[in-house]
Amino acid sequence: MEFKELLVDKLKDQVPGFECTEEEFRGELSLTFDKRDIVKVCEILKNDPELSFDLCEDVTAIDWAKRTLRYTVVYHIFSLKNKFRVRLKCNIDEEDCAIDTVSSVWKSADWAERETYDMYGIQFNNHPDLRRMYMPEDFEYYPLRKDFPLMGIPGSLPLPKK
């Protein structure tokens, strides 16, 4: 059995009602599934001795602007033991712009989730320290959203004096 098949089979066996869409590009696997399963999927991928995904490389998002499920949160995780990378994708509705944090599974997800929150406004439920990283706490906009003007919003952020 190929490693990709083993990975998907283990998730289907251990997560009740788990359904995912699989995509492969240049030997790398992407799995798209429901956001309610994110923590359970990540725990299995990290803790299963055969899979051993011990590194969360990045967490980011995509703003599709016109889709019904406007955002996709993307997790890049890597198994050092198997030398295999997988992308986990969860689509999120603009009305319920939140997903559970995986910082309890991988500590390295903490800052990447904060950055995603700061730039896209996606809430990470149960995150230990969800606050802005780049923008001031009282800044009401999210710069990487498609509806944010390229030149910014005049007067929305005080600039330093010369």
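None of the figures in this text is laboratory data; all of them are computed from the coordinates on show. Since we're looking at a predicted model, the values are computed, not measured. As a convention, Cβ positions derive from the backbone with ideal geometry for all residues, glycine included, and neighbour counts pool all protein chains shown.
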Listed peptides 9-18, 130-139, 86-95 by packing density, highest first (mean Cβ within 10 Å): 86-95, 9-18, 130-139
Under the definition of Cα pairs under 8 Å and six or more residues apart, what whole-number percent is the relative contact order of segment 3-97? 25
Cut-off under 19 Å on the C-alpha distance; same-chain residues fewer than 8 positions from Lys10 excluded. Which lysines are left, in chain and number order? Lys35, Lys40, Lys46, Lys81, Lys83, Lys89
Net charge over other residues, Cβ less than 12 angstrom from the Cβ of Ile99 (K, R count +1; D, E count -1): -3
If you bin the C-alpha pair distances of the chain every 5 Å from 0, what whole percents do you get? 1, 8, 17, 20, 18, 14, 9, 6, 4, 2, 1, 0, 0
